[in-house]
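Here is the structure we will look at.
The values are calculated or read from the model by the stated rules, or taken from the named source; none is laboratory data. Please read these numbers as outputs of a predicted model, since none were measured by experiment. Methodologically, a virtual Cβ is constructed for each residue, glycine included, from the backbone with ideal geometry; neighbour enumeration extends over all protein chains shown. SASA here: full protein model, heavy atoms, side chains in, ligands and nucleic acids out. Shrake-Rupley method; radii C 1.70, N 1.55, O 1.52, S 1.80 Å.
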Amino acid sequence: MTWFLLCVGILLAGYFTYGKFVERVFGPKPEQATPVHTKADGVDYVPLSDKKIYLIQLLNIAGLGPIFGPILGALYGPVAMLWIVFGCIFAGAVHDYFSGMLSVRSGGASVPTVVGNHLGNIAKHFMNFFAVILLMLVGVVFVLGPAKLLGNLTEMNVTMWVAIIFGYYILATIVPVDKIIGRFYPFFGALLVFMSVGLIIGLAVSDHGFYSQGLDFATNFHPTDLPLWPLLFITIACGAVSGFHATQSPLMARCMQNEKSGRFIFYGAMIGEGVIALIWCSLGLSFYESTEALNATLADGGPAAVVHEVSTSLLGTIGGVLAVLGVIILPITSGDTAFRSARLILADFLKMAQKDLPKRLMIAIPMFVVGFLISKAEFGVIWRYFGWANQTTAMIMLWTGAAYLIKADKFHWICTIPAIFMTAVTFTYLANAQIGFGLDITLATIIGLITTAVLTALFFIKFKAKPAIPVQES
């Protein structure tokens, strides 16, 4: 357990040290009116307290990602925990902070507009299409996951649960943000914390020791010998770095009342998600005696089966049901905000004001019809496309942050270095994966690195980057 506590401690220290540094580089302006003051509409721009926004943001970003991803990532062994810790501090939390704060500075704009403001119109149009596709995939993933868990707990079939969850999504997508999301999600956030802490305490007092195969960080433990590079960095997205968060941050950027709250809300929520990811990765590495045993459970019922088995074994029947319900609420509360974000992105693109209910329905209903059709595809295929689209969005958002800092003559490397890394990850994965070009991993890596070098060079040529000392924006 010492290693787990050390990892959590490093994450928390990262918030108070590197998070503070990132905030200083960006330079929040407490005296500047935020979008909620200048665009209040009673629907999407509604003032909320920082504590409420933090818990809502945590729920929005912490769907199945920091649970299913780390469970699958545990197959690679303890090295997965290193990616969660350092990816979260130096990439994921930075990504979330800039996606939120650049939205604040852009009047609460959605991610395509933010990207377009700093990378140009071509990037904006690409992101309009790409972000909606990602959000549709997220919404579908976050329907199928909880539907399967609910199917395990009840006698109702999965298709019925899919229909019920979609019905809720429609409601949550069109009503004002403070009616459901602002009212109930802070409570669900508390349930999330209770569930996560309860499981790790349950592990600590159980007969299961922590990290049954030891803490060998140099060995790839994957039972089917899947390559660690680049798959680990695609498999564990939420909890380390996730482009989906860039689509969620603008929702809370529209409710935030002071720019100084950005580090707590955006950087801090990502650190919170990192802790959740550490818990589930530790459970995967500890509850089962080997990665082969973990893989056997995954083969029988996927990550949902692992969640059910671990929760009921460690917390008993009642505690297990509560824990599983917490895991059901997590994706549902991210899925509805995924569709809500998609509605807002489409509304921005169509220049259609969303204050009137009929206009919200004009976008929402066709969107949910498409989402339901996508849900009929195989879950594993949807998850793989989601993983790649997710990290590609993160890559673009990190380059956006780098462009903003370069143009502001600030220390851009806090965004540029993780952007370069994620570019190598996504292009190598696309070249290697069966959903991409299916090339040999060595050739795929060479292609990924060359593509990254070319794109990085073009970026520096375009923005004429030069070293800059971090300064507080006046």
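Assorted remarks:
- The residues on offer are ASP225, ASP300, and the sole one that is more than 28 Å from LEU315 (Cα to Cα) and more than 25 Å from the chain's Cα centre (by Cα) is ASP225.
- Every residue from region 245-262 that is within 17 Å of the chain's Cα centre (by Cα) and open to solvent by 10 Å² or more (accessible area, probe 1.4 Å): LEU251
- Among residues of region 306-323, those that are of a type in the set (A, V, I, L, M), surrounded by fewer than 19 Cβ atoms within 10 Å (Cβ to Cβ) and touching a residue at least 24 places away in the same chain (Cβ under 8 Å), counted: 2
- Matching helices (runs of 4 or more DSSP H) fully within region 332-437 where at least 1 residues are basic (Lys, Arg) and under 16 Å from PHE460 (Cα atoms): 379-407
Listed here are the residues, each with its yes/no results for (1) at pLDDT 95 or above; (2) not aliphatic (A, V, I, L, M).
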| site | (1), (2) |
| --- | --- |
| GLY9 | yes, yes |
| LYS20 | yes, yes |
| LYS39 | no, yes |
| VAL43 | no, no |
| ASN60 | no, yes |
| ASP96 | yes, yes |
| ALA109 | no, no |
| ASN117 | no, yes |
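- 1 or more residues over 13 Å from GLY274 (Cα atoms) and open to solvent by less than 10 Å² (accessible area, probe 1.4 Å): qualifying helices (runs of 4 or more DSSP H) within region 1-107: 18-26, 35-38, 50-61, 65-73, 93-105
- Considered as a group, the residues in region 245-274 that are closer than 22 Å to VAL43 by Cα and hydrophobic (A, V, I, L, M, F, W, C) include one that is modelled with the lowest pLDDT, and that residue is LEU251.
- Looking only at region 178-213, and only at residues there that are outside any helix (DSSP H, G or I) and of a type in the set (Ser, Thr, Tyr), the one that is least open to solvent (accessible area, probe 1.4 Å): TYR211
- Looking across region 167-177, the residues that are open to solvent by 10 Å² or more (accessible area, probe 1.4 Å) and in contact with a helix residue (DSSP H, G or I) (Cβ under 8 Å, 6 or more places away or on another chain) come down to TYR168, ILE170, ILE174.
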